[in-house]
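S.K.: First the structure, which I've put down as structure tokens, then a few questions once you've had a look.
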Amino acid sequence: MTTDLGYEIIIKNGILSEVFNYLDTQRQYLIVKDDGIPNIYLDTLLKQKKCFVLTLEQGEKNKSFENYLKIQDFLLKHEFKRSDALIALGGGVIGDIVGFAASTFKRGISYIQIPTSTMAQIDSSIGGKTAINFQNFKNIIGTFYQPEKVFIDPSLLKTLSKKNFNNGLIEGLKMALLFDEKLFNIFLNDNINKNINTIITRSVELKKEIIIKDFKEKNIRKVLNFGHTIGHALESYYHNEKCLHGECVGQGMLYFIKDKDVKEKVKFILKKLDIQIKLDYKIDEILNFIKNDKKKDNDFFDVIVLNKIANYSINKLSINEIKEILERGI
């Protein structure tokens, strides 16, 4: 998929074994992965070209300043040049921290995304958002920095647990709710596993169209935060342990779906994916996290409200209005 984003997104089963057919083999590469990545994925890349490898611990808590510095230190020690590149082999955590490290090393070197999770393939590897977490706030430090290429190999998802596979699907469901009733009906009526390539490809196409129009999230890209205002607060509240990103966003979307019939259908889909619909939390603590949301503007928050499928609005809400919504429940 050649895009107007300035880089190529390749979606193909088995593309992992062909990655270096598309890259300059004369430069140095550092592959950054987490310790949960199957060895066969790394071996598949190393058989194509000799690369440096840095392994980080798995988990959202490791999208940290300490690991960011670890990457910078490695690049300096091995004398990486601006013409060299990083490869992010992993899920959203690895993609985010590697992108951030690349954007700041020598004011920017190239990086390549090879997403291995449903979440990363459907959403986070596309669009150039990079970040690390800080003081329990998710993605609070980051940059907008596009990758050189994205290689999406849906066959890699076969090694995921059911929980992690389903968690990532919520970002695809979000895209369907915002833009595409046909995609929504796949979630509602069809076998999701058998349609995973279609879900990934269509989600990427839809997100690509938004990024082209608004890379720096000044206008239309804000709609991609549907469900994330409360979702990110829930992630911070649970320290990214009890409730994964997609699960939190799934609940976050329910608060802002106006159409009762659509809301019931979304609840049905979440149950279909074994995702919790109601979480226990202290509202005041959730509000404290929301108050520090980076989308805050003069004490108001841009919140996406779904009127019906493919029909949304961006509303400016105060923290008190969000509190009332939380108190009403879903």
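The values are calculated or read from the model by the stated rules, or taken from the named source; none is laboratory data. In this text, all values refer to a predicted model and were calculated from it rather than measured experimentally. Virtual Cβ from ideal backbone geometry, glycine too; neighbours counted across all protein chains shown. Remember, those area values only see protein heavy atoms, side chains included, never the ligands or the DNA or RNA. Shrake-Rupley method; radii C 1.70, N 1.55, O 1.52, S 1.80 Å.
S.K.: Residues PHE80, PHE65: which one is open to solvent by 10 Å² or more (accessible area, probe 1.4 Å) and not acidic (Asp, Glu)?
M.R.: That would be PHE65, the only listed residue that is open to solvent by 10 Å² or more (accessible area, probe 1.4 Å) and not acidic (Asp, Glu).
S.K.: Out of LYS242, LYS271, LYS265, I need the residue that is among the basic types (Lys, Arg) and either surrounded by 22 or more Cβ atoms within 10 Å (Cβ to Cβ) or within 15 Å of ALA310 (Cα to Cα) (or both). Which one?
M.R.: Answer to the selection: LYS265.
S.K.: In segment 218-242, what residues are of a type outside the set (S, T, N, Q) and within 15 Å of the chain's Cα centre (by Cα)?
M.R.: Of everything in segment 218-242, those that are of a type outside the set (S, T, N, Q) and within 15 Å of the chain's Cα centre (by Cα) turn out to be ARG221, LYS222, VAL223, LEU224, PHE226, GLY227, HIS228, GLY231, HIS232, GLU235.
S.K.: Quick test for you: out of TYR7, TYR68, TYR41, TYR22, pick the one residue that is in contact with a Pro (Cβ under 7 Å, 6 or more places away or on another chain) and not β-branched (Val, Ile, Thr).
M.R.: Of the residues listed, the single one that is in contact with a Pro (Cβ under 7 Å, 6 or more places away or on another chain) and not β-branched (Val, Ile, Thr) is TYR7.
S.K.: Scan (1) in a helix (DSSP H, G or I); (2) among the hydrophobic types (A, V, I, L, M, F, W, C); (3) touching a strand residue (DSSP E or B) at 6+ places or on another chain (Cβ under 9 Å); (4) closer than 30 Å to ARG82 by Cβ for the single condition LEU224 breaks and write down its number.
M.R.: It fails just one condition, (4).
S.K.: Within segment 166-179, which residues are open to solvent by 10 Å² or more (accessible area, probe 1.4 Å) and under 13 Å from the mean Cα position of the chain (by Cα)?
M.R.: ASN167
S.K.: Residues being open to solvent by less than 20 Å² (accessible area, probe 1.4 Å), closer than 23 Å to LYS263 by Cα and not in a helix (DSSP H, G or I): count how many of those fall in segment 190-221.
M.R.: Here the count works out to 1.
S.K.: Let me ask something else about it. For segment 299-330, which positions are part of a loop (DSSP other than H, G, I, E, B) and closer than 18 Å to HIS228 by Cβ?
M.R.: ILE330
S.K.: So which pairs qualify, if the first residue must be in segment 206-219 and at positive phi, the second must be open to solvent by less than 100 Å² (accessible area, probe 1.4 Å) and assigned to a loop (DSSP other than H, G, I, E, B), the Cβ gap must be under 7 Å, and the two must be at least 6 apart or on different chains?
M.R.: Short answer, once both residue conditions are applied: none.
S.K.: When you check GLU247 against the structure, is it on the phi < 0 side of the Ramachandran plot and without any contact (Cβ under 8 Å) to a residue 60 or more places away in the chain, yes or no?
M.R.: no
S.K.: Scan (1) buried (at least 21 other Cβ atoms within 10 Å of the Cβ); (2) closer than 30 Å to LEU23 by Cα for the single condition PHE226 breaks and write down its number.
M.R.: (2)
S.K.: Considering segment 12-52 alone, what residues qualify as being β-branched (Val, Ile, Thr) and open to solvent by less than 50 Å² (accessible area, probe 1.4 Å)?
M.R.: ILE15, VAL19, ILE31, VAL32, ILE37, THR44
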